[in-house]
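Every read-out reported here was derived from the displayed coordinates using simple, explicitly stated rules and does not represent laboratory data. Just so we're clear, the structure is a prediction, and the values are computed from it rather than from any experiment. Glycine gets a Cβ as well: all are built from the backbone with ideal geometry, and neighbour counts include every protein chain shown.
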Amino acid sequence: MTLKQFWHRLGSPKWFFHMSGPWQGAFAVLAVLLLLTGMTWGLAFAPPDYQQGNSFRIIYVHVPAAVLAQSVYLTLGVAGVLLLVWRMKMAQLVLENLVGFGAWMTALALFTGAVWGKPTWGTWWVFDGRTTSTLVLLFLYFGLYALRQAIPSREAAGRACALLAVVGVINIPVIKYSVEWWTTLHQGATFKLTEAPAMPASMWAPLLVNVLGAYCLFAANLIAKLRTAILRQEPGAAWVRDWAAGEVRP
Amino acid sequence: MFAVQFRRDWLCLMRSRDEAVNPLVFLFLATTLFAIAFGGDPRQLAELAPAIVWALVLLANLLSLEALFRRDLEDGTLEQLLLLAEPPFAAVLGKVAVQWCVSGAAMAVLAPVAALLLNLPAAALPALMLGLLLGTPALSLIGAVGAALTVGLRGGGVLLALLLLPLHLPVLVFGVSAVLDTMAGVGAAAQFYWLAAISAAALTLAPFAATAALRISVEQS
Amino acid sequence: MMFEDWQAFIAMGGHGLYVWMAYSVAVALLIANLTGLDRERRRTRRHLQAQLGNRTPGGLDASEAP
């Protein structure tokens, strides 16, 4: 199968639905396994940080959440381009179904960041470069959600959200740069996350496991939500009825 | 097309003057409110002044953006505009230019007066003015994309603020930090370059994005 | 294991409150997310099968009845 064919087929809900069947469970199981391994490893077996002690273990849930928060938004931006330029059906489904997941991950990153900040910085919240840009990211997710809710026509809402997601993705680097500029100006480097450049493997290995687990969770969410959305979108299509019939009478 | 649209919108604006002065009235009312509510040491107020003025300019701009396309959508002008053979982004740019004159350029000229109410040292005023002149085009241009997306929606005002505040954050940050650096005696050239760069990028991209957004909004209404 | 006993593990060197708060919320969110996905999947399938049941031969749908 050439790349071009693959591209066209990815745009077809039917093809995606049949392809993705075995994958959704696999990714979910893999996500749970990896995340449980990484969390247990991080909680009990990774060495404590020489400065922060055991509060450092929050990194193993904080960083994966933050990584997902950004990756999901980037995915929305890519889906936005696909929808605006090629009017790909699947892109609209991605835009409609991934905003909640991304917003929850951003909220989790902010929450774990605050909980980590209390013992480390002595305060729950600091307008530090990264915390600020994560908070802004949450507002960007809220904006996408609110815009979708406000527009009655589904097609128009999809394209409006696509445009907003693209504008947001273009802006994110500038936002990040500007808030980092601003905070280094005001607070110096006192509140930087003290990550030793040479973090030993016993410390970063569980983090790597959890980040991989987080991406599997992302994939599981993407596939499951798209499958549900496809079935809801075309409940009358012949292939959907065939599939449902197969499920009834195995 | 740009000139025609500019002239038309300018005339409309001049006929309903209250609309033109509303952003300025808001700026001065809110500044006074801040100064009175603060009531403390004027020196402390001076340190807050750049942040207050910039935030209020941003909000005033936001208030006037909400009406940018509304009337044209209601009387059908917008639909005509998008049907013309000529590229509509020039007309969109014309509308934004008029909006900017009132709630960007006029603000930049009069914001120093508001800043003096807040006890900002006179030496920092040129930095405030220059920053506003360089930064407000970006506010109006990016704002036009948001205004185009939300035109005709119920509760559009709050939605517009939610969409635009995250996108406007860099302009606010560089604008305020330029004034603060000038007050501290450090050069602020880098911030001015950044503001100019953001405005230039917005000038090249935003009219197209706003046009696309208008098409979406007009098609569904 | 980096800890001498369970008590030390729970206490996390005095940071237990923060560490366990972060992890419990993360795990709760994970469980809510995965069960939510499964619930949606089941609901959609039930819905489809209910529709299908109305159309299978023998159980002719009222709207399709002559």
Fill in the blank from the handout: Of all lysine pairs in chain A that are eight or more residues apart or on different chains, those with Cα atoms under 19 Å apart total 7
Exercise for the section: Compare the Cα positions of A:Leu35, A:Thr2, A:Val78 along the charge dipole of the stretch A:1-101 (+1 at Cβ of Lys, Arg; -1 at Cβ of Asp, Glu; about the Cα centre) and return the one farthest towards the positive end. Expected result: A:Thr2
Exercise for the section: List every DSSP H helix in chain A whose Cα atoms extend 18 Å or more along the helix's own long axis and whose mean Kyte-Doolittle hydropathy is at least -1.0. Expected result: A:13-40, A:59-86, A:99-121, A:129-150, A:154-187, A:201-233
Exercise for the section: Mind checking C:20-33 for the average number of partner chain beta-carbons within 10 Å of each residue's beta-carbon? Expected result: 6
Exercise for the section: Might you report the magnitude of the Cβ-based charge dipole of the stretch B:2-220 about its Cα centre, with Lys and Arg at +1 and Asp and Glu at -1, to the nearest 20 debye? Expected result: 140
Exercise for the section: Quick one: compute the contact order of chain A, relative version, from alpha carbon pairs under 8 angstrom and 6+ residues apart, as a percent. Expected result: 34
Handout entry: Peptide A:50-62, shielding by other chains (average Cβ, 10 Å cutoff)
Key = 5
Exercise for the section: Run the dipole for the protein assembly as shown about the Cα centre, Lys and Arg Cβ at +1, Asp and Glu Cβ at -1, nothing else charged, and hand back the magnitude in debye, nearest 20. Expected result: 1320
Problem - For a label point 7 Å along the Cα-to-beta-carbon line of B:Ala122, residues of the stretch B:42-67 with backbone N under 12 Å - result: none
Practice task
Report, in debye and to the nearest 20, how large the dipole of chain A comes out about its Cα centre when Lys and Arg carry +1 and Asp and Glu carry -1 on their Cβ.
Solution key: 680
Fill in the blank from the handout: Nearest-0.05 FRET efficiency for A:Leu10 and A:Asp242 at R0 = 25 Å, using Cβ-Cβ distance, is 0.70
Completion exercise
Using alpha carbon centers only, the stretch A:201-250 is separated from the stretch B:12-29 by a whole-angstrom value of 53
Practice task
Run the numbers on chain B and let me know its relative contact order in percent, using alpha-carbon pairs under 8 Å that are six or more apart.
Solution key: 27
Practice task
Summarise the partner chain shielding of A:165-177 as one whole number: the mean count of Cβ atoms from other chains within 10 Å of each residue's Cβ.
Solution key: 4
Fill in the blank from the handout: Per residue, the convex hull enclosing the alpha carbons of the stretch A:1-160 has a volume in Å³ of 146
Exercise for the section: Give, in whole angstrom and from largest to smallest, the semi-axes √(5λ) of the equivalent ellipsoid of chain B, with λ running over the eigenvalues of the Cα gyration tensor. Expected result: 32, 18, 15
Handout entry: Percent of Cα pairs exceeding the 32 Å cut-off, where the set is the protein assembly as shown
Key = 54
Exercise for the section: Sort the following peptides by mean Cβ neighbour count (other Cβ atoms within 10 Å, averaged over residues), highest first: A:168-175, B:213-220. Expected result: B:213-220, A:168-175
Practice task
Quick one: which residues, 5 or more positions from A:Asp49 or on another chain, have an amide H under 5 Å from its amide H? H modelled 1.01 Å from N in the peptide plane, none for Pro or chain starts.
Solution key: A:Phe56
Problem - Cα centroid separation, the stretch A:134-163 to the stretch C:14-38 (Å) - result: 27
Problem - In nm, spacing of pseudo-spin labels at C:Met2 and A:Phe127 (7 Å Cα→C-beta vector) - result: 3.4
Exercise for the section: Identify, among B:Leu58, B:Trp10, B:Val21, the residue whose Cα sits farthest towards the positive end of the charge dipole of the protein assembly as shown, taking +1 on the Cβ of Lys and Arg and -1 on the Cβ of Asp and Glu, with the dipole about the Cα centre. Expected result: B:Trp10
